[in-house]
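Q: Mind having a look at this structure? Questions to follow.
What follows draws every value from the coordinates through simple rules; no lab data is involved. Keep in mind it's a predicted model, so treat the numbers as computed, not measured. Cβ sites come from the backbone with ideal geometry, for glycine too, and all protein chains shown count toward neighbours.
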Number of protein chains: 2
Amino acid sequence: MYHNDFYTPETQGAYELISIGELQLENGGVIPECELAVTTLGTLNEARDNAILITTWFSGTHQTWLQHYIGPGHALDPGKYFIVIINQIGNGLSTSPHNTSDPAITGSKFPRVSIGDDVVAQERLLREHFGIQQLYAVVGGSMGAEQTYEWAVRFPEKVQRAAPIAGTAQATPHDQLFTRVLAEAITVDPGYADGEYTSNEAVSEGLRRHARVWTLLGLSTEFWKQEYWRSLGFESKEQFISEFFEPLFAAMDPNALLTMAWKWGNGDVARHTDGDLAAALGRIKAKVFVMPINEDMFFPVRDCAAEQALIPGSELRVIEHIAGHFGLFNFDESYMQQVDQHLGELLAS
Amino acid sequence: MYHNDFYTPETQGAYELISIGELQLENGGVIPECELAVTTLGTLNEARDNAILITTWFSGTHQTWLQHYIGPGHALDPGKYFIVIINQIGNGLSTSPHNTSDPAITGSKFPRVSIGDDVVAQERLLREHFGIQQLYAVVGGSMGAEQTYEWAVRFPEKVQRAAPIAGTAQATPHDQLFTRVLAEAITVDPGYADGEYTSNEAVSEGLRRHARVWTLLGLSTEFWKQEYWRSLGFESKEQFISEFFEPLFAAMDPNALLTMAWKWGNGDVARHTDGDLAAALGRIKAKVFVMPINEDMFFPVRDCAAEQALIPGSELRVIEHIAGHFGLFNFDESYMQQVDQHLGELLAS
């Protein structure tokens, strides 16, 4: 356990830590007291049927959602909906390797957490803490899409609408290779010390190397070709990388990233149906809009479309953005306009 | 200098080392005695006008060309053409960090070699050693495509036909990021010892990590999704990677790979025209077929098509193959059939 400024309300915006008690994990192991970092907007109505759950992506927190996706004028309007953003386990805000004082799970001893574990934890929190039995919608991007699909498959009766953005229900083989390389960029750093480093700063080289791996697939080849980073105020791609990309990841906790990388590469709704993906997705009762980003290099449209074809009544809504996967960060409003258009239709349906 | 079994006639097939003497380098420095590893097939006719030059790609040698691209029944038919394959400088066969006994350039002291340096060296060799003043065609894939373009721009009168496959005339920004990450996967290995390792085996971890980075972009997401590796005789992607991919790269010389990575990321025909790519490509007099591979993740068709549009009289011929960039290895005949079709047309034109 150590203090990391990145994972504080000052950096991330306000959140509440809510304990759901002990969480038994799918792959063995237990989190004796699992706390989830939660932010809510809007008001839960008396029928408790206007709740929208937002899940978080790899390395992400509730913050990007607050800054870009939610507010008056957006489809995710707190004037209409009770919006609950739950940070995923191990993301640095919810119970995570660096912030738990429990000696059984701190640092390198943190157990393998799955997408399913997150969804079980989220469902318990929503039910026990807010009295929510059914969700008006679940919305999430990337690993948040994995959680969104998991919700719709695991709890078909509890999800009325679902919008998985730039992600899949079943991690692809390429995801498994990608998360391995991302992890290795960190663990090869001698400062990583098998996970028993003293702070993220001791692993700065590894975290920056990890950031550079992201430059190959997080953004599209065309993002670099067209020098889109100029519109973000940078003068060279090197400056964009060394002053934005690398410091962003260097501020994070190595074990948190590794926890999420493993979780991402092992997400699979077909665990519920003996490996039969079609059967798993066929269970979904929610109205689903599958929303890939056209320039995404590792969640290509065709992978998302193939899953969409297995979901009854679903629609494929492709978002166009040159930033590819990291379009999720809403680098310009052309992205959010498309998201709002599609989400608006889904929420009105 | 050390002995590496990978860079021997026993492993790579026969070749001749031909010295072109001293080579002054574009970016400063000199190779006091530059030897190029050359393999020829067919017979140079009396007019000396039936010569086709083949250039080599990153980590590649003449071997793949001999095994897959050249022979009776192929467009590259030694019955018709005098085919000269010249291994690029620093590829481990031609003068390279590990095989030179010159203390001024051995190991970590090997100078920066550019695509232009290779083409200057190749032109000298062809002219002085074979008396070839003009080439019937230049053909190359990936970094070999960079050399092919460099030939057509630098020596417009000397190239009648050109077929750059799966590569560009100007390294893209993404190439620069990719080659950096590839290089770092090696240099972060403590065994690399700033380039003064005793043999490739001391850098085995780094070379294997380098191989795993290649799995993310060298093959397409769809290659992995469809488990194409099964058709190559493997039972899992892990086996394909650990028994084929990793040993292949682990056998190579680290400094050779780093020499080629730098060269690749800095290839640019616009050096001849003060950075004006259109002006550079506009100089080309060869008939050019630009041949990207549709699933290539880092030389996407659009990048190749944008250059093709700047080349007078050129044609875009897209090769379709699920393996993406590594389609170049001709994993199945559907690839070579397309190459032969396009090359056949080009050579008959």
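Q: Among (1) among the aromatic types (F, W, Y); (2) closer than 21 Å to B:R112 by Cα; (3) away from chain A (no Cβ under 12 Å), there is one condition B:F155 misses while meeting the rest; what is its number?
A: B:F155 satisfies all of (1) among the aromatic types (F, W, Y); (2) closer than 21 Å to B:R112 by Cα; (3) away from chain A (no Cβ under 12 Å) except (2).
Q: Just checking, which of B:A152, B:A121 is in contact with a Cys (Cβ under 7 Å, 6 or more places away or on another chain) and in a helix (DSSP H, G or I)? Explain how you work it out, then say what you get.
A: Details: B:A152 fails: in contact with a Cys (Cβ under 7 Å, 6 or more places away or on another chain).
Result of the check over B:A152, B:A121: B:A121.
Okay, residues lined up against (1) free of Cβ contacts under 8 Å to residues at least 40 places away in the same chain; (2) closer than 30 Å to A:A270 by Cβ:
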site	(1), (2)
A:A14	yes, no
A:E26	no, yes
A:E46	yes, no
A:A51	no, yes
A:T64	no, yes
A:H68	no, no
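Q: Here are B:R209, B:R302, B:R283: which of them is surrounded by 22 or more Cβ atoms within 10 Å (Cβ to Cβ) and charged (D, E, K, R)? Spell out the reasoning first.
A: Values: B:R302 fails: surrounded by 22 or more Cβ atoms within 10 Å (Cβ to Cβ); B:R283 fails: surrounded by 22 or more Cβ atoms within 10 Å (Cβ to Cβ).
Testing whether each residue is surrounded by 22 or more Cβ atoms within 10 Å (Cβ to Cβ) and charged (D, E, K, R) leaves just B:R209.
Q: Counting only residues that are touching a helix residue (DSSP H, G or I) at 6+ places or on another chain (Cβ under 7 Å) and surrounded by 22 or more Cβ atoms within 10 Å (Cβ to Cβ), how many does the stretch B:70-83 have? Don't jump to the end; show me each part of the working.
A: So the first thing to find is which residues in the stretch B:70-83 are touching a helix residue (DSSP H, G or I) at 6+ places or on another chain (Cβ under 7 Å), and the list is B:74-76.
Now restrict to residues that are surrounded by 22 or more Cβ atoms within 10 Å (Cβ to Cβ): B:75-76.
Result for the stretch B:70-83: 2.
Q: Give the number of residues within the stretch B:175-207 that are more than 10 Å from chain A (Cβ to nearest Cβ) and either in contact (Cβ under 8 Å) with a residue 40 or more places away in the chain or within 15 Å of B:F249 (Cβ to Cβ) (or both). Give the derivation first.
A: In the first step, residues of the stretch B:175-207 are kept if they are more than 10 Å from chain A (Cβ to nearest Cβ); the result is B:179, B:183, B:186-187, B:191-204, B:207.
Checking the rest, the ones that are also either in contact (Cβ under 8 Å) with a residue 40 or more places away in the chain or within 15 Å of B:F249 (Cβ to Cβ) (or both) come to B:179, B:183, B:186-187, B:191-192, B:194-204, B:207.
Qualifying residue count for the region: 18.
Rundown of residues vs (1) closer than 25 Å to A:E128 by Cβ; (2) polar (S, T, N, Q), yes/no style:
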| position | (1), (2) |
| --- | --- |
| A:T55 | yes, yes |
| A:W65 | yes, no |
| A:G71 | no, no |
| A:D77 | no, no |
| A:K80 | yes, no |
| A:I86 | yes, no |
| A:N91 | yes, yes |
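Q: Where residues in the stretch B:208-246 are facing another protein chain (nearest Cβ under 8 Å), in a helix (DSSP H, G or I) and of a type in the set (D, E, K, R), which of them is farthest from A:H174 (Cα to Cα)?
A: Of everything passing the filter in the stretch B:208-246, B:R209 is farthest from A:H174 (Cα to Cα).
Q: Would you call A:A169 in contact with a Lys or Arg (Cβ under 6 Å, 6 or more places away or on another chain), at negative phi and small (G, A, S)?
A: Numbers: in contact with a Lys or Arg (Cβ under 6 Å, 6 or more places away or on another chain): no; at negative phi: yes; small (G, A, S): yes.
The answer is no for A:A169.
Q: Still on this model: Return the total of residues in the stretch A:180-216 being touching a Lys or Arg at 6+ places or on another chain (Cβ under 9 Å) and either closer than 25 Å to B:E235 by Cβ or of a type in the set (V, I, T) (or both). Break it down into steps so the answer makes sense when it comes.
A: Taking the stretch A:180-216 and keeping what is touching a Lys or Arg at 6+ places or on another chain (Cβ under 9 Å), we get A:180-181, A:184-186, A:188-189, A:195, A:212, A:215.
In the following step, the residues that additionally are either closer than 25 Å to B:E235 by Cβ or of a type in the set (V, I, T) (or both) were identified as A:180-181, A:184, A:186, A:188, A:215.
Going through the stretch A:180-216 one residue at a time, the tally reaches 6.
Q: When you scan the stretch B:251-317 for helices (runs of 4 or more DSSP H) that lie fully inside it, which ones turn up with 3 or more residues that are away from chain A (no Cβ under 14 Å)? Full working, then the answer.
A: Working: elements: B:254-265, B:277-282, B:301-308.
It comes to B:254-265, B:277-282.
Q: Go through the stretch B:32-67 residue by residue and tally those that are within 23 Å of B:P97 (Cα to Cα) and not in a loop (DSSP other than H, G, I, E, B).
A: If we filter the stretch B:32-67 for residues that are within 23 Å of B:P97 (Cα to Cα), which is where we start, we get B:32-39, B:54-64.
In the following step, the residues that additionally are not in a loop (DSSP other than H, G, I, E, B) were identified as B:35-39, B:54-55, B:63-64.
Qualifying residue count for the region: 9.
Q: Quick check on the stretch B:318-340: of everything there that is surrounded by fewer than 24 Cβ atoms within 10 Å (Cβ to Cβ), free of Cβ contacts under 8 Å to residues at least 60 places away in the same chain and under 26 Å from B:V213 (Cα atoms), which residue is nearest to the other protein chains (Cβ to nearest Cβ)?
A: Ranking the qualifying residues of the stretch B:318-340, first place goes to B:E320.
Q: Continuing with this model, one more query. Taking the stretch B:117-156 as the region of interest, how many residues are surrounded by 24 or more Cβ atoms within 10 Å (Cβ to Cβ) and on the phi < 0 side of the Ramachandran plot?
A: Taking the stretch B:117-156 as the starting set, the residues that turn out to be surrounded by 24 or more Cβ atoms within 10 Å (Cβ to Cβ) are B:117-119, B:121-122, B:135, B:137-153.
Within this subset, residues satisfying the condition of being on the phi < 0 side of the Ramachandran plot are B:117-119, B:121-122, B:135, B:137-141, B:143-153.
Total meeting the criteria: 22.
Yes or no, residue by residue, for (1) of a type in the set (F, W, Y); (2) out of contact with any Cys (no Cβ under 8 Å at 6 or more places or on another chain):
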| position | (1), (2) |
| --- | --- |
| B:Y15 | yes, yes |
| B:S19 | no, no |
| B:E22 | no, no |
| B:C34 | no, yes |
| B:A37 | no, yes |
| B:S59 | no, yes |
| B:H68 | no, yes |
| B:G73 | no, yes |
| B:K80 | no, yes |
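Q: Of the numbered conditions (1) under 13 Å from the mean Cα position of the chain (by Cα); (2) free of Cβ contacts under 8 Å to residues at least 60 places away in the same chain, B:E123 fails exactly one; give the number of that condition.
A: (1)
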